[in-house]
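**Q** Take a look at this one; I'll ask things after.
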Amino acid sequence: MTAWPIALDRLAYGGDYNPEQWPETTWREDVRLMREAGVNLVSVGVFSWALLEPEPGRFDFGWLDRVLDLLHEGGVRVDLATATASPPPWFSRAHPDSLPVTFDGRTLWPGGRQAYCPSSPAYRAAAARLVEQLATRYAGHPALAMWHANNEYGCHVARCYCDVSAAAFRDWLRRRHRDLDALNEAWGTAFWSQHYSRWDEINPPRQAPNFINPTQQLDFARFSSDELLACFRAEREILRRLTPDVPVTTNFMTPAFKPLDYFRWAPEQDVISTDHYLRPAEGDPNLDLALSGDLTRGLAGGAPWLLMEHSTSAVNWQERNLAKRPGQMRRNSLAHVARGSDGALFFQWRASRRGAEKFHSGMVPHAGEDSRMWREVVALGRDLERLAPVRGSRVVAEVAMLWDYESWWAVELDSHPSADVTYLDRVRAFHAALWRAGVTVDVVHPEHEWSGYQLVLVPSLYLVSDATAEALERYVRMGGHAVVSYFSGIVDPDDAIRLGGYPGAFRELLGVRVEEFRPLAAGETVELDDGSVASVWTEDLRLDGARAVMSHLDGRPAVTRHEYGDGVAWYAATRLDPAPLLERVCAEAGVEPVLPGLPAGVEAVRRRGADGDFVFVLNHTAGAVAVPGEDLLGGDGTVPAGGVAVMRG
Ligand code: GAL
């Protein structure tokens, strides 16, 4: 992956542009407005396969030629989509076996979008043909800045259970396990009469009478992520062959999208990009946004990344689609930039008039230019111009949080001690506690390099490889500080229990030994000896070198501290508010907030460039806050309620 290959001289600003939904007379108007707003990058053609190839093998690029030429004349660069995210109706009709099939055997029909099986040879061949045509035609077009492969891979169909997928799954299993003996061992098929004697006895984990083999489920999750990655790679290879100098990306969906192992996808991208939408019904959206940025930056290896989509205001796909308040779009956009995005793009440029997304906000709203939205869009363009010096700088963080998609898949499998143990629960709790403390967290994969951080958080790392267990032990022994949450270090990559007492992978490091889990009933809480309350999970934990720093009222340790080598390993064996614990750990580890003394609800993130630092201050509160210094956004040392400042410093 190259550092930042998009040829722009400032931060990227723009969005998905779907001119095919509008008459050509509107296109000139669009380009005029884009110039007015300072838009310099738009994603074109994301869902235009049916118009680009109206019949099999007959391509119509005339309209796209005109769009690209107009954009070029207007000085707007193009992130050109390969348009493969939604095959046209003729394709599905000609290839009914390309339609995806669900876990319980239902076919998903066209009529929405993305109705294809990722393993379908017909889909892959048709997609490759389209990409070849597009890349051949637009190689060398001066507007072309980047390729946008497909769109949000797996957004609607991440796993397909059809017979074509079953055959592909078997091929994948052969590559992973080599022979049936190894597969039988890895899957533990001695259990429940599941032993396989022939490869063609193996199927995707389709709806069964009861719990399906967990390792079969886990391998199917791995396979499904790899299968879509193979679709991406196939497109990228064509694009690299025909346009070697044009970077290729596909937009991820961080942080809550579970089906794709983005840490396997990330090294395959030239630019890491992601989409993020607020979900106010699911908790504080500022926390989710920050987690998205921190994870995406981790996927980019700490380098700048690109916010490919967010919304100017309401979306259309939630139960209740809340409009953003004045100033919120700006604050959201700059919060992404604070966490490493070198731009802010939206879905979409002009709000649609027809179709399922007609109530989704856009940069140009239905109301037109005479609207608060448009004025805010133009003002944001000015802000992003002022922030041009930020481009290429990198976020500074002293804390790492380990994130592993395989562990996510595995910890949420069925037939576990408690359905209330979910992956993102502890991930979000740890991250939120540090967000509130003003401490920036880098999200990293367990097998990447994180030994240089002052503190490492290990939430819900249920599945852990020997290499990761050893790396964590080495890190602490050499003087690091680590905090591990319950139900971590339990199984190996085949989902087999690590024996000898829980948590098998981390027993020695944590200095504890657990003979039995004691999960709580739904809604049950227990008091701890400091007066706080815990829920979901407790353990019969025996100290084996560690010291209890918090206990249940019956004396069982709930939080432990273990001095190990030159460092300290903490264990939170119950579901508690981690803020007080993390405050103490940060103090011991010497971790400081970005700007000490900020009021609650004011977020600060530091980016470091070759010529100095930029401190983003995002005021989510209803009161002004004083932050002296030179503000790139032209502020006077006070960040008003809901405002943002970017200080040189
Ligand atoms: C994304 C998608 C866009 C648009 C948007 C609406 O998932 O990539 O095409 O549908 O959501 O919020």
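The values are calculated or read from the model by the stated rules, or taken from the named source; none is laboratory data. Owing to the predicted nature of the structure, the values given are computational and were not obtained by experimental measurement. Here the Cβ is made from the backbone with ideal geometry for all residues, glycine too, and neighbour counts use every protein chain on show. Remember, those area values only see protein heavy atoms, side chains included, never the ligands or the DNA or RNA. Shrake-Rupley method; radii C 1.70, N 1.55, O 1.52, S 1.80 Å.
**Q** Residues of segment 330-343 being away from the ligand (no atom under 14 Å from the Cβ) and closer than 18 Å to Val617 by Cβ, which ones?
**A** The answer is Arg330, Arg331, Ser333, Leu334, Ala335, His336, Val337, Ala338, Arg339, Gly340, Ser341.
**Q** Kindly provide the set of residues from segment 344-362 that are within 14 Å of the ligand (Cβ to nearest atom), open to solvent by 30 Å² or more (accessible area, probe 1.4 Å) and in a loop (DSSP other than H, G, I, E, B), ordered by number.
**A** Gly355, Ala356, Glu357, Lys358, Phe359
**Q** Return the pair list, or none, for Cβ contacts closer than 6 Å from residues in segment 332-343 that are in a helix (DSSP H, G or I) to residues that are open to solvent by less than 10 Å² (accessible area, probe 1.4 Å) and among the charged types (D, E, K, R), at least 6 apart or on different chains.
**A** Note: no pairs meet the criteria.
**Q** Here is a further query. Being surrounded by 23 or more Cβ atoms within 10 Å (Cβ to Cβ) and within 16 Å of the ligand (Cβ to nearest atom) is true for just one of Ala50, Ala12, Ala83. Which residue is that?
**A** Sole residue among the options that is surrounded by 23 or more Cβ atoms within 10 Å (Cβ to Cβ) and within 16 Å of the ligand (Cβ to nearest atom): Ala83.
Yes or no, residue by residue, for (1) surrounded by fewer than 13 Cβ atoms within 10 Å (Cβ to Cβ); (2) assigned by TED's automatic domain parsing to the domain that holds Gln269; (3) hydrophobic (A, V, I, L, M, F, W, C):
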residue	(1), (2), (3)
Tyr153	no, yes, no
Asn184	no, no, no
Trp192	yes, no, yes
Ser197	yes, no, no
Glu201	yes, no, no
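Conditions tested, residue by residue: (1) in contact with a helix residue (DSSP H, G or I) (Cβ under 7 Å, 6 or more places away or on another chain); (2) under 24 Å from Arg382 (Cα atoms).
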| position | (1), (2) |
| --- | --- |
| Ala548 | no, no |
| Asp566 | yes, no |
| Arg606 | no, yes |
| Gly623 | no, no |
| Ala626 | no, yes |
| Val639 | no, yes |
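**Q** I need the full set of residues from segment 21-51 which are out of contact with any Pro (no Cβ under 9 Å at 6 or more places or on another chain), in a helix (DSSP H, G or I) and under 21 Å from Ala149 (Cα atoms), in order please.
**A** Gln21
**Q** Just to be sure, is Pro389 exposed (fewer than 15 other Cβ atoms within 10 Å of the Cβ) and either among the small types (Gly, Ala, Ser) or away from the ligand (no atom under 16 Å from the Cβ) (or both)?
**A** For Pro389, the condition - exposed (fewer than 15 other Cβ atoms within 10 Å of the Cβ) and either among the small types (Gly, Ala, Ser) or away from the ligand (no atom under 16 Å from the Cβ) (or both) - is not met.
**Q** Then there is this: For the structure I just gave you, tell me whether Asp69 is more than 24 Å from Asn18 (Cα to Cα), open to solvent by 30 Å² or more (accessible area, probe 1.4 Å) and of a type in the set (D, E, K, R).
**A** no
**Q** Which condition breaks for Phe169 when tested against (1) under 30 Å from the mean Cα position of the chain (by Cα); (2) away from the ligand (no atom under 16 Å from the Cβ); (3) closer than 22 Å to Thr250 by Cβ; (4) not aliphatic (A, V, I, L, M)?
**A** Exception for Phe169: condition (3).
**Q** Only one of these is of a type in the set (Phe, Trp, Tyr) and open to solvent by 10 Å² or more (accessible area, probe 1.4 Å): Phe211, Phe232, Phe223. Name it.
**A** So the residue among Phe211, Phe232, Phe223 that is of a type in the set (Phe, Trp, Tyr) and open to solvent by 10 Å² or more (accessible area, probe 1.4 Å) is Phe211.
**Q** For residues in segment 591-633 being more than 29 Å from the chain's Cα centre (by Cα) and not in a loop (DSSP other than H, G, I, E, B), which is surrounded by the fewest Cβ atoms within 10 Å (Cβ to Cβ)?
**A** Ala626
**Q** Give Arg137, Arg124, Arg106 a once-over and let me know the one that is charged (D, E, K, R), touching a residue at least 40 places away in the same chain (Cβ under 8 Å) and either more than 22 Å from Arg77 (Cβ to Cβ) or in contact with a Leu (Cβ under 7 Å, 6 or more places away or on another chain) (or both).
**A** One residue alone meets the criteria, Arg124.
**Q** Another question, if that's okay. Go through segment 89-109 and give me each residue that's hydroxyl-bearing (Ser, Thr, Tyr) and closer than 12 Å to Val164 by Cα.
**A** Listed by number, the list holds a single entry, Ser98.
**Q** So which residues in segment 156-192 are in contact with a strand residue (DSSP E or B) (Cβ under 8 Å, 6 or more places away or on another chain) and of a type in the set (S, T, N, Q)?
**A** Answer for segment 156-192, where residues must be in contact with a strand residue (DSSP E or B) (Cβ under 8 Å, 6 or more places away or on another chain) and of a type in the set (S, T, N, Q): just Ser165.
**Q** How many residues are open to solvent by 10 Å² or more (accessible area, probe 1.4 Å), aliphatic (A, V, I, L, M) and either at pLDDT below 95 or within 26 Å of the chain's Cα centre (by Cα) (or both) when one looks only at segment 470-512?
**A** Of the residues in that region, 1 qualify.
**Q** What number of residues within segment 79-111 satisfy the criterion of being more than 30 Å from His141 (Cβ to Cβ) and not polar (S, T, N, Q)?
**A** Of the residues in that region, 16 qualify.
**Q** Tell me which residues, restricted to segment 56-105, are among the small types (Gly, Ala, Ser) and under 23 Å from Met34 (Cα atoms).
**A** Correct list: Gly62, Gly74, Gly75, Ala81, Ala83.
**Q** Select, from Thr296, Thr312, the only residue that is hydroxyl-bearing (Ser, Thr, Tyr) and either within 16 Å of the chain's Cα centre (by Cα) or at pLDDT below 95 (or both).
**A** Just a single option satisfies the conditions, and that option is Thr296.
**Q** If you don't mind, there's one more thing I want to ask. Being small (Gly, Ala, Ser) and open to solvent by less than 30 Å² (accessible area, probe 1.4 Å) is the filter here, so list the residues in segment 406-446 that pass it.
**A** Matches in segment 406-446: Ser407, Ala410, Ser418, Ala429, Ala432, Ala433, Gly438.
**Q** Pull up segment 115-150, narrow it to residues that are of a type in the set (S, T, N, Q) and open to solvent by 10 Å² or more (accessible area, probe 1.4 Å), then point me to the one that is nearest to the chain's Cα centre (by Cα).
**A** Applying the filter and picking the extreme gives Ser119.
**Q** Can you find, within segment 235-288, the residue that is surrounded by the fewest Cβ atoms within 10 Å (Cβ to Cβ) among those that are within 16 Å of the ligand (Cβ to nearest atom) and small (Gly, Ala, Ser)?
**A** So, considering only residues that are within 16 Å of the ligand (Cβ to nearest atom) and small (Gly, Ala, Ser), the one surrounded by the fewest Cβ atoms within 10 Å (Cβ to Cβ) is Ala281.
**Q** Shifting gears a bit: Scan segment 289-302 for residues that are assigned to a loop (DSSP other than H, G, I, E, B) and either within 16 Å of the ligand (Cβ to nearest atom) or open to solvent by 10 Å² or more (accessible area, probe 1.4 Å) (or both) and jot them down.
**A** Answer for segment 289-302, where residues must be assigned to a loop (DSSP other than H, G, I, E, B) and either within 16 Å of the ligand (Cβ to nearest atom) or open to solvent by 10 Å² or more (accessible area, probe 1.4 Å) (or both): Gly301, Gly302.
**Q** Of all residues in segment 308-328, how many are more than 14 Å from the ligand (Cβ to nearest atom) and either touching a strand residue (DSSP E or B) at 6+ places or on another chain (Cβ under 6 Å) or open to solvent by less than 40 Å² (accessible area, probe 1.4 Å) (or both)?
**A** Of the residues in segment 308-328, 2 are more than 14 Å from the ligand (Cβ to nearest atom) and either touching a strand residue (DSSP E or B) at 6+ places or on another chain (Cβ under 6 Å) or open to solvent by less than 40 Å² (accessible area, probe 1.4 Å) (or both).
**Q** Another question, then. For the list (1) open to solvent by 40 Å² or more (accessible area, probe 1.4 Å); (2) assigned by TED's automatic domain parsing to the domain that holds Lys258; (3) farther than 30 Å from Phe347 by Cβ, I need the number of the one condition that Arg159 fails.
**A** (3)
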